[in-house]
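*Asks:* One structure is given below, represented as structure tokens, and several questions about it will come after.
What follows draws every value from the coordinates through simple rules; no lab data is involved. Computed from a predicted structure; not experimentally measured. Here Cβ is always computed from backbone atoms with ideal geometry, including for glycine, and neighbour counts include all displayed protein chains.
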Amino acid sequence: MTSVDSSADAKVDRSGPLKIDKRRVLAWEIGAFGVINVVAGSLHFAFELSDFNQVVAVFGSVNESTFEHLKLYFWPALVYALVQHAYMRNSVNNYWWGKGLAMLVTPLTIIFAFYFYLGIALPILGNGLLVFDIGTGVLGVLAGNIVSYRILTADPKPKRYNTAGLVIVGVLAVLMATAAWYPPEFFLYENFFGYEYTGEYGILDDYSDYLVFPDR
């Protein structure tokens, strides 16, 4: 009887729920916060510095529209998520569900924060402020990292959640990669230079009035 019980016990999975090192996850998310913000700031100038290379238009902003700025945060977030996945896929839960929602929450937060502050600043000052422009991006990344941390350290969800997360990432990647060439005539895609809409979309015909480094 004892041998039978021992044999039965041997078949029982005693590993229990995944023990997540939350400090390690937090360290990765803090790293993501720093990397995404720094790279996003650099990508803002990439298209001009590449002499308007069409390949760079995939991930660098081609005008001053709101959507073109969202690209700057999406691509480094995706690359960082792929690197993080290689190291943490077996030590956290719901990986792509967390990352997919984070990449969705970040642009939504940026859009809301940006137009909320402009709704206050424009009537009072007549223009926006660079520090607040940058701040909306920082806030968006922070919101995304918080969502990512909470989901990666939460109880495991069914596999369909990870599938949904990958779908979100895929849809966003397509939208970001094609925005420069196929922008809908919608205010989020319209060139917003000097806090005024110019009626231009996507890659512009002439950048002479928009150069950041005219003497380069």
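*Asks:* Pick from Gly128, Gly144: which is touching a Leu at 6+ places or on another chain (Cβ under 7 Å) and either surrounded by 15 or more Cβ atoms within 10 Å (Cβ to Cβ) or outside any loop (DSSP other than H, G, I, E, B) (or both)?
*Replies:* Gly128
*Asks:* Which members of the range 58-71 meet the condition of being of a type in the set (A, V, I, L, M) and surrounded by fewer than 23 Cβ atoms within 10 Å (Cβ to Cβ)?
*Replies:* Listed by number, the list holds a single entry, Val58.
*Asks:* Further question: So which residues in the range 187-204 are more than 9 Å from Asn63 (Cα to Cα) and part of a loop (DSSP other than H, G, I, E, B), if there are any at all?
*Replies:* Gly194, Tyr195
*Asks:* For the range 61-97, how many residues meet the condition of being part of a helix (DSSP H, G or I) and either closer than 22 Å to Asp21 by Cα or not polar (S, T, N, Q) (or both)?
*Replies:* The number of residues fulfilling the criteria is 25.
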